[in-house]
Structures are given as structure tokens and as C-alpha cells.
């Protein structure tokens, strides 16, 4: 059983966590092309090497970010999502 | 107030597991509109049990939660001591227990010994008055009903927990006043070490819907160490 | 029956024995006596009984090989437990032991005839013989399965309760031999909390049975000192009779104790698992009487049993001389030492042998063992001079003996190490596999003979060094032990080629699987020239001992046959478990959480038949199963005509609070919430980012910044996670709380529900004008604080009442008591589903699937087109522009038509165009009603389509508008 360091709860068995997939930037839903949007939804990079992923500690429902090497299975670091998501996100109406 | 004929069904508030106390020796009393099993057997025997290994249903114990932006600030303004780090507890001056579960997630228990009604008072004081420029003050979370609360007491508690929980809860590794939010018998649980006098005591909070499952798992794991069920008054006796 | 106890040796031999206690047990139908501490095999050996089992394929007689629980020769059945290792399993009074894999008796097994047709069973013969012609395997299958498999499982055996337990330490040491003991001591002295695991009953490992010096007393002294220090150390926790069976990621180890499995997490692992002695290959090397040198020593030292009377020691290293000395000390006549090496040994052990004038045949090997009667023993060793690697010349001797001890070298017991990423490579210079890579990213150390260190002082120093390193890496800095003494390493431990094929065969490479040299040679000739391929083709190293005695020689043979260099070759993949495990120990308590609503026991008291809904238990209906349909019908009619009550506590419940609450709902759900009025509820439909429906419920606006949102029972956890995840990214100003367990809820429904409720509240105005459909109120019901929602899921006047969970039962009690005079009836999930079907409401995940978008279910009305964003908007916009492939429609069928089942297919000619998602007989409408996906051209109201029933019959259904019942919603708006 692998261990995952939760930024709040410390080292825990990986069974206490769920993976929320890679951190991806959503294309602007009103201006992005269909192609861009389809890739965002359906194309997984399946990177061999270091990936940045969403993980959640289930008992506390706490989402954070983990950087993980998919080749060596090494968890490089974990940190609060607020480290990278600092701004409020708003959506605006499609002008067209 | 003690009354052996008190029936827990006479009260609107009921622990999810009140049916587990069947012995004719159980003494039921009323607290917070709950009928509670305040003693199961002779106090001297119960006193031995809590030092070895015992479990007690504290679901009646008054508690509340405050969560969200501004929760800690608001509580501080109500003279509540807030633990500086997450997953730690503090005692308020009146014996109430303040547990910090997250950056802005506080769980407050009334004192086991003297009922102060602090949790209810705080709920009544809290008021949401949003206006631009106002300081946020968090939100109430209904911890009284969302979670069942058990107390597991005694020397063998850590070894018993080692059958249900992957966190090292031994006294030398899991200090008094620490909190583990983890998985217990595959349930999400909040485990708080809160010693009673000289012996170790752990508060276990699990979703109320799973109270019976959790109680049964704990009892089963306790069997190996001859763990026993005790009433609530023996714990009050030992608590500070 | 052998001569009783003739082979027992006097004290101090027999470390495990309590000679004061005699134990009687039964083996293969005969009674034997042994001593307390004996294993089955040692007690039998004390009685001079050598035959333990019959081999897997040829049913050849087999006896002691390793005495360490590492071979398949000793597999027996003990009462209801198959595949017990007789060489380590302790006897108890009255124990009944049976032979396995035997037809008739162990001594005269008629299965042994198979050996005579052995030449018709070539390597890979399953693949060659039984798969042609096509389909023939079915015939052979039964016959082969009767022959295959070992032991009998008693299906009536009573299981015992076993639970698992977690353990934690700074340093775990696997193996309690000299290296492990000194490592544990060093690490514990440095301040680390240490767990020491050993599979044997006594600590000491090789110190207990190996003769490191000609004078053995030094070894025993070392052992006593170390074991005492370790046993008395307060920071060392010792687990004996405990087998570490797996080493997983981040130093997570499975430890099998006698009664339970331990799951151990350690910061650092010291692997001191030792090494496994390897056999030599010659004709009849598998028969009882041929054993490893270490097996003979274990018998002598641990069990106080002489392994034979007249011995030949075959050796390729110095350890064979130690074995010979131990045999001599035990009164066994050593006929000769057959030394495969050409140059004489200069060790002190060899010198001691020379001093005793024992014959040493230098450069010779045992070429064949001559069997005794029934091959149940051996009578002679035929020895030949070695002419070159693996071949012999005519110079030979025939030496009488009943025991051949083999000391040909070792292979590291590195299985655990390899589970977790460790690597082994063959070092041709030392003819040994060496650990070349350790697992666990530096958080592991190997020590002792596993680490190719064999000389005793070097082993002790190596252990000490490992203990230092482990403690340091675990965060306990301590002084590095003074210079680790230079050691000779593995040089001279392994004889490089102890494989001497015999023209007449029976030169076994793998005794588990009865594989001889020619089988491996032929496998390579058949083209399987890679170790992993040979393994799968021939089953070599796949037997119960998992290659412990065969992997090394097999590797040598295959590589040579394939004309490749041995240097740097690695073994086949090692996987957990290292040793067999009880499934029961693995299962443990199998924790299976169950959720009860606050009203659970009231349902049981009303004779509810409970059903699972995720982890929850919910009443399906109330009454006896034989009257199920009638019960559901009565519950249905009670709601339609009077008043019913259903426990809906399992509904997901979320508090969304804060200035951005409405904006957040706008993003998470398809509908519009910004202008929703306070004290009103609105339908919520959640789609994922691909536009697929994933959840629904209602959102109650309790304040400008406060929504109380329900979600489906099964969906709420995912919805909550999703909401948290997105707001972590969006940083909107709000708080999300999952309060599912904090509220009990019931739905009081039916034309008389208002009358019931009005008896129980004095602070909520219930009239239709004051509290209309889709409105929400807070107040008290029976003095219990409550949130009351007027919702129409079942299509009647109804109140969904949410109260604190601890007061849920009291609420139910009050409603049931007050409802008594109205003949209130509790209804279950079955009736609720029927009632909502009559109203045409969908159930997410029943009437939708993993591809359903709102348009397909006619729920375009639930989508706010003008919002800039909601989850799934872009995908839905794209798909809305396309034509739909299917539509969810209502259908009816006459009441006397056969009732379709959910998931029956909708067909058009021979094409599948959809399926039935919900269907039932409606007692209110007196016809069969349902929902089904159909193709758009079948969806027109009034059109008929075909449903293919489970029995393949085709029935006709007619598309009709929904709701089926009260299409104008008059009933729920009463």
C-alpha cells in the first residue's frame, strides 16, 4: 500500500484518497473551438513522467494537488490547490 | 434525576444505538432531551472497565460545528480558544473541547462533567448578516446529528484500534489532544485523543447512519481484550 | 512401521524438543510417537519413517529435502487442512495426518504406474496432446482435473473468526538469524522502534543448526548472547512463527502470524532472510534419503533426530565438511565425502575431517542413487569422477549408504526483496545470484547471506552495519560501526555446475513438478529459450516451492542450452505471497459498512422487507414476501386515495451557503437559480462536462445566500466531491456542506396528508394558499424543528419533512400516531417508484445511462439557455445542434399483456433501437405503463413499437404522453 502525504493530514495510506485526474485548464467555454473543447474532455495525455493531479483525502473531503512520476510511481510533492488556483474564476456570456 | 424506569423513547432526541442497551441494570437519565444510559452496572466495576477497555455512547453530548470563511475569527470573538494547528484540540476554560478539523472547520463539544450548553449558546449567538464589507463569520454545521460520538477508554484501546484503523494511535505516537481524520473499519471517522485523568481516552465520531455498524465493529474488536460497555456517568467522574 | 525412536539423538541436540512430553499422532493410518516440539516429519524420521508423500506427476516416493518448509515433498493433509508442510508443522496429541496425492496407500500408491508411461508425457504435453482436435479439451478436462491438485478441501469445515491488525515501527528486520539479530540490536540501541520477524519458533536462524567452525561451542555462545540481548531489549518487538509473505510499496509488509495477518508499515526494512541451500542434480536425486546438508543439520540440531545411519556427503563447498562433522558427532557413519571441486579445501572444517580419516573423493560427484525396495529409500550412491562441466568419466565407485547429503551452494532468499522492486543478477565469478538492487528508494537494507556474506563474523558485522544504516535512515542517527571486517563474500560458496544428467534420466531439476534435465533441454529445443517462457511451457519453478530449489539450476541449464552467457542473467519475476496464506487471514473481518436511517427499526417493526440502496438499507415494501404485489398495490392506493408515509432520509442533502451560492448552483446545475424566490424550491439537474445527466434533486432557497439542495441517495457523495473540487478551482465565496446524515426525512403524501400534518404543527400555515406546491417552510412538527418541502415526486399533495437525524424516529412516531385515525400507511421504495412512474418522473441511473443527455429525456425545459456557463453546457450545445439517436418515451400496454422487464430491448425488425428503463402494472391506471428509449421515428405519440421479452417473445407497446397520471398536476397542487 502506497503512502500519500496529505498537506493537512500527513502521510496516509493511498486507500484514503481518490484521484481526480490531471490538472487541466478548461478552455474558455464561450470562445474555445469545438476541437479544443473535445480534446479537453476526451484526450488524456497519459504522460510517462511527472504529472500534476487532483487528489482528495476522502475522510476530510480535502482536495489538493500532487505531483507524481507515473514511471517510478514516486510522489514528488503535494500542496494545497490554492497554491495554483488563486483567483476567482468567472464566466462571461458568449458575445456572438 | 436518575430514574431506572425512564425510557429513551420518551424523548424526542435519540441516539442511533439506544437499543443496544438492553440490560435490566441500565440506569437511564435525561440530558438534552435524550434518554441516556448513565450507568450499565456497578460503578466500581465500570471504573475498572474504563481503565482496561470500555466503550461509551456519547451521542447525546452537546456539540456543534462552525465552518467556512471567517468561522475561526467569529469564534475567537466569542472567547473561544482556537487550536493553532489543524487536527488538534484545546480545552476552553469551562471544560468544553474545541477541535480544529480544518483551516476553517471547528467542532465544539460541551464539557463532559458540567453541562455548559456552550454549543447551543453559540448557535443562538451566530447570525448571518452579509453585506459587502462585513466580515464573514462562517456557517453552523449540524454536528450533533451528522455524527454519532463514542468514547473508547483504557489501556488496550490503541491495540484494539490497530485492528480497525491504519493510523498508529499508540499513546507514544498519537499524543493527547491530537485528531486523526481517517478510515475506521472502512468508515470515515474523526478520532480524537482526549485522556481522562490518567488513562487514555479516544472520542470516535462517525456518520450517524453508520453508528450501529461502527459500534458493532468496535465491540467485536474489543472482545479480544474483554472490552465492556459502560454508562456516561463514569466518564464524567473521571473527566476534568 | 519403523523401529520406534531408534533415530533419536541425546541432548543437547534437539533445540525445539521438550523431552518430558511424548505425543501420539497418526500418519497415513498408523500411530506414531514423537516429542513435544517435533514436526510431523521429524517425529516420523525419529521413527525411521522416511516416506512422506508421492510426487505430483509420477507418484514417486518422496521424503525430507529441506526440513525448512520450503519444498513440496512434505505436503500432507492435516485433518481438514490440505498442503501442510510436514517438516515444520508441529505435532499435537491425537493429530491425524493423511498422505496427499495418493491412490490407495502411501506405500503402495497405484498412481505410480504413471511414471512408466512418463515418456508419453513430454514437456509441454498439455499443449501438445489435449487441444487437438478443437473442443477435445472438454473431454480431457475432467480426467486431468481428477489427477491434478493436491489435498482435499473440507467444504463443511467451520471457519474461525480471524481479524487483521496494523503494526508500525521504525525498522523491521525480516529474519532472526545472526545478521537479523545483530541488525535489530544495533537499530534498537540507536533508539529505533524495531520489529523482528522470524518464521521459526526460535530465534537464531543458522546459528541454531549450522556448524560455522570445527568447534561448535563458539557458535552456540554467540547465539545465546545475541538472542538474549534481543529478547530482553525493550525496543524490540519479536514475532516468531510469523511469515512475512509480501513486501509492498512504501515498506508495507504482510506478516502471517498463527491466528491473524499483520499489516506492517515500517520506515526502513532490513532484509535478513538468508539463503536457500541448493540441490545437486543426479539420477534419483529425489528419493527419500537424499537431502540437503542443511536439512540433515536441522534434523540433528533442532529436532534431535539422526537423518540416517550410513551417509555419503556430496559437497562443492566447505559447508559439506561441517555437515559431515555433525553427522559423525551424531554417531552416523560417514562413508565418504564426495568433493566436486578438484582442489582440496583448506578450511578448518576440512582439516577436522582429515583428522578423522574420512575418505574424501576429490573431483567426484554422485552420479546416481540406487533405490531400495519400492524406491522408498536408497541403498547406494554411485559416484563418478567429473571429466568436465556436467559430465563424468568411467572412474566410479558404488558406496553403500542410506543417506546422501548435498552441499552444492546457495541462492539468496530474495523473493520478498523482489516483490518490492529489488533485483538479482547472476555473478558468474562466484556462480551465485547476487542482490544488485534494493527496493524502497533507499529505505531498505539487505544483510547476511542474502547479501552474499557467509562467513559468520562477517555476517554479524554485516548485520550490525545494516542496523546502523536502517536506524540512520529511519531518523535515528548513531555511530557507524567500526570498520566492517573484510569478508570473503560468496567466493567458494557455490559449486558452479552441480548438474550431472544421466542417460536414463530421473535427474530431477524440479521435484515439485517432476521435471528432469531432459524436460528443460527439450523446452529450449521447442523454441522456448527464455526463462519466462520455459517456466510457462514446462511449469518449472511454478510448483508449491516456487523454484526455491530449482530456479538456480534451471537458470543455469536453460542459459547454457540457449547458448547464452550466465553472467548478469536475472531470475523469473517473483510475486507475493512468498509462502501460502490462509484466505481467511486475508479476508479478515471483511468490513462492510451499512447505513441505517433513524427510522430503521420502526420499519422492521412494521414488517418491512429491506433492500440495499448503496450502503443504505431501505424498506422495499411492508408485508410478507408472498404477498409482495398486493402490498405494493395497497401502498400505492393509500397514497393516491388517503395518506402514506415514506422514509426518504437516504436522500443526499447539501447546504450551499454564501454570497455566491446562487451563482454556484448556476454553474453546477442546468437550471437558473439567481432569481429563485426565497422559500421556494426548484428542480436541479446535474450534467457532467460531457453533458450526461449524473444527478438530480431540488434546491430550496432558505435565504438570499442559502440553498438547501437534495441529491440522489447514490449520487450525493460524488456530487459533493465534484462541487468541492470545482470551487477549489473557481474560488467563489461560499461554503459547501454535506449534511446528508444530519437530517432524517419523510415524505407524507396523499390527499389527507394536510389533515394529518395540521394536527402536529402550530407554527406553519398549511393551507394551499399559504403554502403552495414547490414552496418551502421552516417550523416545527410535533415540537421538532423541521424544514418542510411541498414536492410532488409521487404526484399527490405531499410534504417532505426534514428534521435533525436524532429526532427522526420521534417524528415518525408522531406522524404514525396522529395518522392512525386516518389509516396512514407506510410505503416503501417499490411503491414510491411506481407512484413516480405514474407521474412520468425519471430516476437518474435507472431511466438514464452513462450517455444520456437531457434532450433525450425531454428535459430541455430544465436547461437555462442564457447562462454563460454550466457544467456540460458546451457539450449539450454541440449535441443539441445534432439530431438525436434516441428518445425516452412513455408507453402503455393492456393490463393483460405479459409484463416486460426493465432492460428488455426495443426492437425494430432485427435492429435494437432502445430498451425499457422502467415498467410496472399501475393499479391506479389499470394498465401496464413504462418508460423506454426508442428511436426518434418510433417516438410519435400513438405509435406502436416492439419489445422483446426475456423469453424472446415480441409484444407491442404504444407510445403515450407523460405524466400517465394527473397530467395537469392538479393533485399535487391541491
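Things to note:
- Calculated [θ] (222 nm, deg cm²/dmol) that DSSP helices of n ≥ 4 give over chain A, each run adding -39,500 (n - 2.57): -2500 deg cm²/dmol
- In terms of other Cβ atoms within 10 Å, C:775, C:49 run from fewest to most in the order C:775, C:49.
- Region B:29-58 residues near the modelled residue B:159 label - backbone nitrogen below 20 Å, point 7 Å along Cα→Cβ: B:47-56
- The residue B:223 and residue B:116 beta-carbon pair, evaluated with R₀ = 41 Å, returns a calculated FRET efficiency of approximately 0.70.
- Helical content of chain C, expressed as a calculated mean residue ellipticity at 222 nm, amounts to -6500 deg cm²/dmol (DSSP H runs of 4 or more residues, -39,500 (n - 2.57) each, divided by residue number, nearest 500).
- Evaluated at q = 0.16, 0.18 Å⁻¹, a Debye calculation over the C-alpha positions of region C:477-590 (equal weights, vacuum) places log10 I(q)/I(0) at -0.80, -0.92.
- Under conditions of 20 °C and 1.002 mPa s, region C:277-374 yields 156 µm² s⁻¹ as its translational diffusion coefficient, taking Rh as the Kirkwood radius over Cα pairs in the Stokes-Einstein equation.
- FRET efficiency for residue C:479 and residue B:9, using Cβ-Cβ distance with R0 set to 56 Å, rounded to 0.05: 0.25
- Distance between modelled label sites at residue C:851 and residue C:589, nm, 7 Å Cα→Cβ extension: 4.4
- 0 to 90° range, to nearest 10: angle between helix C:716-730 axis and chain C longest Cα axis: 90
- Each label was represented as a point 7 Å from its Cα along the Cα-to-Cβ direction; for residue A:2 and residue C:153 these points are 3.3 nm apart.
- If both residues of a DSSP beta bridge must be in chain C, then about 75% of such bridges are antiparallel.
- Cβ-based exposure ranking for B:80, C:583, in which fewest neighbours within 10 Å come first: C:583, B:80
- Angle in degrees between helix C:137-147 and the longest Cα principal axis of chain C, rounded to the nearest 10: 50
- Per residue of chain B, the DSSP helices (runs of n ≥ 4 H) give a summed -39500 (n - 2.57) that works out to -6000 deg cm²/dmol at 222 nm.
- Extension gain, residue C:229 to residue C:604, is 128.9 nm, computed as 0.36 nm per intervening residue step minus the present C-alpha separation.
- Placing a pseudo-label 7 Å from each Cα along the Cα-to-Cβ vector at residue C:139 and residue B:123 gives an inter-label distance of 7.8 nm.
- Whole-Å semi-axes of chain C's equivalent ellipsoid (Cα gyration tensor): 75, 33, 27
- Going from the fewest other Cβ atoms within 10 Å to the most, the residues C:887, B:235 appear in the order C:887, B:235.
- Between 0 and 90°, nearest 10: helix C:217-231 axis offset from chain C longest Cα axis: 20
- Relative compactness, the protein assembly as shown, computed as alpha-carbon Rg over 2.2 N^0.38 Å: 1.12
Values quoted throughout were computed directly from the atomic coordinates according to the rules given, and no laboratory measurement underlies them. Fair warning: this is a prediction, and the values are worked out from it, not measured in the lab. Ideal geometry is used to build each Cβ from the backbone, glycine not excepted, and the neighbour counts take in all protein chains shown.
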